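Here's the structure, in structure tokens; my notes come after.
The values are calculated or read from the model by the stated rules, or taken from the named source; none is laboratory data. Keep in mind that what you see is a predicted model, and the values were worked out from it rather than measured. Here the Cβ positions follow ideal geometry from the backbone for every residue, glycine too, while neighbour counts run over all protein chains shown. Surface accessibility is based on the protein's heavy atoms, side chains included, excluding ligands, DNA and RNA. Shrake-Rupley method; radii C 1.70, N 1.55, O 1.52, S 1.80 Å.
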Amino acid sequence: MNAPSRPAPGATMPVKRRFYWSLRRELWENPWIYLGPVIVAAIALIAALVRMRDLAEQMRSWSALDDIQRHAAVARPFCLTPVPVMLSSLLVAGFYSLDALYGERRDRSILFWKSLPVSDRMTVLAKLFIPLLLLPLIAWVLSVATQLAMLVFGTILLLAGGVSPAALWTEFRFLESPVVMLYGLLASALWLAPIYAWFLLASAWARRVPVLWAVLPPFAVFVIEGHVFHRSVFRSFLKYRVTGAMTDAFKAGPGDGAMDRIAQLDPARFLAMPGLWLGLMVAALLIVAAVRLRRHR
């Protein structure tokens with residue numbers, strides 16, 4: 001009588017642990033996920049520190065401004081410096097999503113990963129987790145670190161120039177600004193979820209150059225809509241899908257001074273937007289399709 005077969009090693013690994021190692025796999029295979037934003041943050045910080053070399057003289061001239069103008073003058077550099085880091089994280093998220101499922105078929109590593117006790121659904125969800133949560137958190141940590149470095153460097157410059165740094169610490173809301181940035185990054189990630197899911201579907205479908213499969217269908221709609229029907233509804237919709245988070249998640253637009261106050265956040269309005277939930281539903285359908293494609297490719 002044959003002995004009962006034993007479960008394969010790792011088959012009883014908890015789901016959370018398998019998901020954790022799936023994320024670790026993505027970071028091992030794609031170190032540019034975090035290296036790209038780190039490089040951009042370093043460049044943005046160096047440029048900001050160079051611009052701050054005359055901070056003492058600037059603070060003396062800003063003392064003649066009214067309260068609103070003085071706050072905007074002091075806080076604006078701290079709010080603008082993290083912007084390249086956030087934009088770079090969005091670009092990395094897009095390029096990663098386009099290559100996430102195509103790359104493992106291109107280098108045939110999918111043959112190895114499919115031999116492990118990790119389902120296609122968990123693999124695709126782990127890949128979706130990168131642009132939806134991990135990259136926003138990386139951008140947030142780098143942005144906060146950049147602002148803190150600017151604050152410390154500015155304090156040293158002001159003390160060396162004989163100017164009190166009290167105004168710098170008062171005008172720059174260091175306790176509120178990180179909350180605003182984290183809220184904005186997560187809101188943008190949720191709003192862009194259907195775009196990331198579409199890129200993952202194109203990555204799972206394409207046999208060559210997934211960016212073409214992701215871009216050509218919308219471009220074809222642009223051409224047909226514009227030249228045949230003489231309309232721009234789809235173009236306006238896509239523009240709103242890309243930029244709508246910043247207009248719907250905040251009470252004040254990005255151009256209304258420094259975005260560094262918790263009072264400027266409007267989560268109730270954002271969570272009540274039908275476009276948010278419809279986009280998440282579309283993203284869920286696209287992810288289901290991507291899982292099925294990975295299973296049968």
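Taking the Cα centre of the chain as reference, the dipole from Cβ charges on Lys and Arg (+1) and Asp and Glu (-1) amounts to some 1540 debye.
GNM remark for the chain: springs join alpha carbons under 10 Å apart, and the peak mean-square fluctuation among T123, T146, T243 falls on T243. The dipole here belongs to the stretch 61-154: it is taken about the Cα centre, uses +1 on the Cβ of Lys and Arg and -1 on the Cβ of Asp and Glu, and is about 340 debye. Compute the helix-to-body angle for 32-51: its Cα long axis versus the longest principal axis of the chain, expressed 0 to 90° and rounded to tens. Roughly 10 degrees, rounded to the nearest 10. If I take every Cα pair under 8 Å that is 6 or more residues apart in the chain, average their sequence separation and divide by the length, what percent do I get for the relative contact order? Across the chain, relative contact order equals 24 percent. Here the Debye sum runs over all C-alpha atoms of the stretch 136-193 as equal scatterers in vacuum, and log10 of I(q)/I(0) at q = 0.18, 0.25, 0.29 Å⁻¹ comes out as -0.66, -0.96, -1.12.
By the rule of a C-alpha distance below 24 Å, with chain neighbours fewer than 8 residues away ignored, the lysines paired with K251 are K239.
Near the amide H of F172, within less than 5 Å, lie no amide hydrogens of residues on another chain or at least 5 residues away, with H placed in the peptide plane. Comparing R208, R121, R18 in a Gaussian network model of the chain, where Cα atoms under 10 Å apart are tied by springs, the biggest mean-square fluctuation is seen for R208. The amide H of L265, built 1.01 Å from its N in the peptide plane, has K251 as neighbours under 5 Å, considering only residues 5 or more places off or on other chains. Taken per residue, the accessible surface of the stretch 133-218 reaches 44 Å², heavy atoms only and a 1.4 Å probe. To the nearest ten degrees, helix 135-160 and the longest principal axis of the Cα atoms of the chain are 20 degrees apart. The three principal axes of the C-alpha atoms in the chain carry coordinate ranges of 88, 60, 34 Å, sorted with the longest axis first.
Per residue, the stretch 61-112 exposes 51 Å² of accessible surface when a 1.4 Å probe is rolled over the protein heavy atoms with every protein chain present. Straight-distance candidates among the aspartates and glutamates for linking to K16, with alpha-carbon spacing under 16 Å and chain neighbours fewer than 8 residues away dropped: E26, D120. I'd like to know which of L55, L265, L27 lies farthest towards the positive end of the charge dipole of the chain, counting +1 on Cβ of Lys and Arg and -1 on Cβ of Asp and Glu. The Cα lying farthest towards the positive end belongs to L27.
Over the stretch 109-219, what is the mean sequence separation of C-alpha contacts under 8 Å (at least six apart), divided by residue count, expressed as relative contact order in percent? Before the final figure, lay out each step's value.
Working: 41 pairs, mean separation 32.4, N = 111.
Relative contact order, the stretch 109-219: 29 percent.
For the stretch 77-231, the C-alpha radius of gyration sits at 1.44 times the compact-globule guess of 2.2 N^0.38 Å, with N the residue count. Packing-based ranking of 193-204, 278-289 yields 193-204, 278-289, ordered from highest to lowest mean Cβ neighbour count within 10 Å. Element breakdown for the chain at a 1.4 angstrom probe: carbon and sulfur atoms account for 71% of the accessible area.
The phi torsions of the stretch 222-234, fed into the Karplus equation with coefficients 6.51, -1.76 and 1.60 and a -60° offset, translate into couplings of 4, 5, 5, 5, x, 8, 9, 9, 6, 10, 9, 5, 5 Hz, rounded to whole numbers, with Gly and Pro shown as x.
How would S232, S61, S88 rank on accessible area, largest to smallest, probe 1.4 Å?
Values: S232 40, S61 65, S88 15 Å².
Accessible-area ranking of S232, S61, S88, largest first: S61, S232, S88.
Here the 3J(HN,Hα) profile of the stretch 73-78, calculated from phi with Karplus coefficients 6.51, -1.76 and 1.60 at θ = phi - 60°, is 5, 6, 7, 4, x, 5 Hz, Gly and Pro shown as x.
Shown in residue order for the stretch 196-206 are the 3J(HN,Hα) couplings computed by the Karplus curve 6.51 cos²θ - 1.76 cosθ + 1.60 at θ = phi - 60°: 4, 5, 5, 5, 5, 5, 4, 5, 6, 7, 5 Hz (x for Gly and Pro).
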